[in-house]
Structure formats: structure tokens, C-alpha cells
1. Among 90-98, 13-21, how do they line up from the highest to the lowest mean number of other beta-carbon atoms within 10 Å?
2. For a test of the definition: using alpha carbon positions, the gyration tensor, and the 1.5 limit on a/c, classify region 69-110 as rounded, prolate or oblate.
3. Which residues make up the longest stretch of the chain clear of chymotrypsin sites (Phe, Trp or Tyr not before Pro) that lie in a DSSP loop with no more than 15 other Cβ atoms within 10 Å, not counting the sites?
4. For the chain, can you list the cysteines whose C-beta has no other cysteine C-beta under 4.7 Å from it?
5. Quick check on region 21-112: take the gyration tensor over C-alpha atoms, sort the square-rooted eigenvalues as a ≥ b ≥ c, and tell me if it's rounded (a/c under 1.5), prolate or oblate.
6. Considering the convex hull of the alpha carbon atoms of the chain, report its projected area averaged over all viewing directions, in nm², one decimal.
7. To the nearest 10 square angstrom, how much accessible area does SER47 have with a 1.4 angstrom probe?
8. With the contact rule set at Cα under 8 Å and sequence spacing of 6 or more, what percent relative contact order holds for the chain?
Amino acid sequence: MSTTPVRPTHQEVRARAEEIQKKILSRFSDVDVEIALWEDLNGDNASHWHHRGFPMFLQYDVHACLLIRGNADRTEAAAVVADGDVAHLLGETNIVIQIQRTNRVYCRNSQPLIAYSVQPGVPIKATPTKVISDPRGILFICMTNEANAHNWGRLSPHTQ
């Protein structure tokens, strides 16, 4: 009988995902990488992670997701490196990490969209949205009702 656990621990998954994240960040200074575990993306706070650009839900057999943000060429190159590491990791362990990439960078001070119920006579409040189109092909997005100092992570918008 095998003693290999069916599902790896949260700590083991996070540690392996962080190894891949560090490798990508050290090789590609012009991308940002964020990690979310299966429990994050499928738990009570799932809307927060979806708002940050992660997929709505992960399949049960996927343990974590790495989201690579930046322009199309650089995220593609970083995803190729990450895919190789994920394949190597799967050969060594039973940890499955999904790689996603996007050209959208959400401000970390941004607020998730809130669903409002429509009530007669009560106007619906729109959440102000700031979108900056970067010449590199990156969209910087902030949705908030409050003025804030934007926190874009490792990336910042370049203006023309």
C-alpha cells in the first residue's frame, strides 16, 4: 500500500508554487506573478481572487494557480518556463499547478465589484474605474470609490 498522500498539504503546495514564482521573477523583471491555492479560489473569498484576475474556480485535481501578468510576449516566455517547471514538479510529486497569464494588472487597493439589488427610486451607484492603457499592451485597472495611491505590484504604467 502506498504511503503517498492523495492530496498534498497546503504548505507543500505553497512552497513548490513559491519556488516557481521566485524562478520566474528572477528571470523576468517585467512580469508579476501571484499565487492562489485551490482553497483560495474555491473558498468563501473566491470573488476577491477572481477580481484580481484568477479563474473563477479550479478543478479539484489542480492544487494551485500561478497568474503571470505583463505584456503578451513576456508573459508567454515566462509561462513556457513555468510550464516546464510544473511538468518537472508533477514528475516528482503529485502537485498540479495551473499557469494562467494576462495583460491586465489590477490595483491591489481596488475593491471587488459589489452586486446591488435594484430598488425603485434608489439610484444604482457605479464604481469609478480607472483604466490606463500602457504602450506595452498592458491594461492597468483600478476600481474603487475612494482615492488611493495605486499599488500595481512589480509593474507600473508607462505613459506615452
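1. 13-21, 90-98
2. In terms of gyration-tensor shape, oblate.
3. Longest run free of exposed loop sites: 1-56.
4. CYS65
5. In terms of gyration-tensor shape, oblate.
6. 12.1 nm²
7. Roll a 1.4 Å probe over it and SER47 shows about 80 Å².
8. That works out to 21 percent.
The values are calculated or read from the model by the stated rules, or taken from the named source; none is laboratory data. Given the structure is predicted, the values throughout are model-derived calculations rather than measurements. Note that each Cβ is placed from the backbone with ideal geometry, even for glycine, and that neighbours are counted across all protein chains shown. We work out accessible area using only protein heavy atoms, side chains counted, and drop any ligands, DNA or RNA first. Shrake-Rupley method; radii C 1.70, N 1.55, O 1.52, S 1.80 Å.
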